Amino acid sequence: MRTLTLLKTLCIALVLGLPLSGLAQAWPTKPIKWIIPYTPGGITDNATRMVVQKVQEQTGWNIVIENKPGANSILGADLAARATPDGYTFLTVIGAHAANATLYAGRLPYDVVKSFAPVSLVGIAPLVMVVNNNLPVKDIKELVAYSKANPGKVAFGSSGVGAAAHLTQELFKQVTGADMVHVPYKGTAPALSDLMGGSLQVLTDTASAMMPHVRSGKIKPVAVFSNKRIPGAAEVPTIVESGGPALEGSTWVLFLAPAATPRDIVNRLSQETAKAIRSPELKARFEALGIESVGSTPEQAGKFLDEEIVKWAKVIKAADVKAE
């Protein structure tokens, strides 16, 4: 009956051209599907599940998470873009979503911006650069000098072409003139293994992935791509403190809905998301992962995504990065 009432309200509003201001009060009347376009266990999955769990505690909503990895997040994003915009499908994206606009220009089955409605920028995770213990450098200044003195001999890894870590390292090369060769991996774990084994010299990734190995002495930290030190990696200097230029590079977690999802619903979820993120419990858990809590409005989330698309488009074109 509640579903029938909601449908009647929607139909009447559409016919009469009335605002849908009552929808958020009636919604949701069934489980909400949440798509994560990555495998379980990574920072994207963990951060999303933390927030969603807290939102469920606050509201009593039933939210079902579905991991749909594949094609550099394109598979999951396409499923969300094609979903009925009725407030029962949402999507988590990270830095790769912004990069895909340029990497796959003209080939995506959806529009990175127009196919979605921004909900909230959840948090930002500045990236940490580390080196293997055999590399004779201790800071950015020495790393750049060493790479120039040893052209073609310093390899940096990433979790894949177009990942935030890859593009941040390309930006670093463009600004500093460092001579480094990119070695893409299928995920961070194999890159870390080669870094600790000595066959890879440099790796940039999230604090949550890097810091356990830094603290165990298996790799050396060089800098964090942020204008300030971050919780979760407080002992790592900023790139400026390490003798480098003022560069920022991060991955981030951002919530989207299919385009044309009723604005009342988008606003309601945005508000509940911000409330969850700002809770002391979740803020502390985010800090431990090296994530700066945000919890933005839909407008702020949209502006942030637009800026990230422009920023990484310049890097991709300058480095002539090609999608795999």
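From the residues in region 43-56 that are touching a residue at least 40 places away in the same chain (Cβ under 8 Å) and open to solvent by 30 Å² or more (accessible area, probe 1.4 Å), which one is farthest from Pro280 (Cα to Cα)? That would be Ile43. Within region 125-144, the set of residues being open to solvent by 60 Å² or more (accessible area, probe 1.4 Å), more than 16 Å from Met211 (Cα to Cα) and not charged (D, E, K, R) comprises Asn134, Pro136. Checking each residue in region 25-46 for being touching a helix residue (DSSP H, G or I) at 6+ places or on another chain (Cβ under 7 Å) and assigned to a helix (DSSP H, G or I) picks out Ala26, Ile43.
Rundown of residues vs (1) outside any strand (DSSP E or B); (2) within 19 Å of Asn133 (Cβ to Cβ), yes/no style:
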site	(1), (2)
Met196	yes, yes
Leu200	yes, yes
Asp205	no, yes
Met211	yes, yes
Gly217	yes, yes
Pro221	no, yes
Asn227	yes, no
Ser242	yes, yes
Leu247	yes, no
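Out of the residues in region 280-312 that are of a type in the set (Gly, Ala, Ser) and surrounded by fewer than 17 Cβ atoms within 10 Å (Cβ to Cβ), state the one that is modelled with the lowest pLDDT. This residue is Ala288. Of all residues being among the basic types (Lys, Arg) and in a helix (DSSP H, G or I) in region 54-85, which is farthest from the chain's Cα centre (by Cα)? Just the residue, please. Among them, the one singled out is Arg82.
Go over the candidates Glu287, Glu248, Glu235, Glu307 one by one and state the one that is under 19 Å from the mean Cα position of the chain (by Cα), free of Cβ contacts under 8 Å to residues at least 24 places away in the same chain and at negative phi. Before the answer, list the steps.
Numbers: Glu287 fails: free of Cβ contacts under 8 Å to residues at least 24 places away in the same chain; Glu248 fails: free of Cβ contacts under 8 Å to residues at least 24 places away in the same chain; Glu235 fails: under 19 Å from the mean Cα position of the chain (by Cα).
After applying the criteria, what remains is Glu307.
The lone criterion from (1) part of a helix (DSSP H, G or I); (2) touching a helix residue (DSSP H, G or I) at 6+ places or on another chain (Cβ under 9 Å); (3) closer than 17 Å to Lys322 by Cβ left unmet by Val183 is number (1). Screening Gly232 with (1) in a loop (DSSP other than H, G, I, E, B); (2) modelled with pLDDT of 95 or more; (3) of a type in the set (Gly, Ala, Ser) gives one miss only, at (2).
Applying a threshold of 7 Å to beta carbon distances and a minimum spacing of six or more residues, or different chains, the list of pairs starting in region 91-107 at a residue that is within 12 Å of Gly76 (Cα to Cα) and ending at one that is modelled with pLDDT under 95 and assigned to a loop (DSSP other than H, G, I, E, B) reads Val93/Ser73; His97/Ser73.
What are the pairs with Cβ atoms under 6 angstrom where one residue, in region 29-41, is of a type outside the set (Lys, Arg) and the other, located anywhere, is open to solvent by 50 Å² or more (accessible area, probe 1.4 Å) and assigned to a loop (DSSP other than H, G, I, E, B)? Sequence gap at least six, or different chains. Filtered contacts from region 29-41: Pro31/Asn62; Ile35/Lys68; Pro37/Lys68; Tyr38/Pro69; Thr39/Pro69. Any residue that is out of contact with any helix residue (DSSP H, G or I) (no Cβ under 8 Å at 6 or more places or on another chain), open to solvent by 10 Å² or more (accessible area, probe 1.4 Å), among the small types (Gly, Ala, Ser) and within 30 Å of Asp264 (Cβ to Cβ) - is there at least one of those in region 79-87? There is at least one residue in region 79-87 that is out of contact with any helix residue (DSSP H, G or I) (no Cβ under 8 Å at 6 or more places or on another chain), open to solvent by 10 Å² or more (accessible area, probe 1.4 Å), among the small types (Gly, Ala, Ser) and within 30 Å of Asp264 (Cβ to Cβ).
When region 210-230 is limited to residues that are of a type in the set (A, V, I, L, M) and over 16 Å from Leu247 (Cβ atoms), the one that is surrounded by the fewest Cβ atoms within 10 Å (Cβ to Cβ) turns out to be Val214.
Scanning region 114-124 for residues that are aliphatic (A, V, I, L, M) and either surrounded by fewer than 17 Cβ atoms within 10 Å (Cβ to Cβ) or farther than 16 Å from Ile94 by Cβ (or both) yields a single hit, Ala117.
Please determine, by comparing only the residues of region 158-187 that are β-branched (Val, Ile, Thr) and touching a residue at least 40 places away in the same chain (Cβ under 8 Å), which one is farthest from Ile219 (Cα to Cα). The residue in question is Val175. Can you tell me how many residues within region 137-174 are farther than 28 Å from Ile94 by Cα, of a type in the set (A, V, I, L, M, F, W, C) and part of a helix (DSSP H, G or I)? Adding up the residues that qualify gives 4. Counting only residues that are of a type outside the set (S, T, N, Q), over 25 Å from Ala223 (Cβ atoms) and not in a helix (DSSP H, G or I), region 266-324 holds 6 of them.
The values are calculated or read from the model by the stated rules, or taken from the named source; none is laboratory data. If you're wondering where the values come from, they're calculated on a predicted model, not measured in any experiment. Counting neighbours? That spans all protein chains shown, and the Cβs are built from the backbone with ideal geometry, glycine included. Just so you know, the surface numbers come from the protein's heavy atoms only, side chains and all, with ligands and any DNA or RNA stripped out. Shrake-Rupley method; radii C 1.70, N 1.55, O 1.52, S 1.80 Å.
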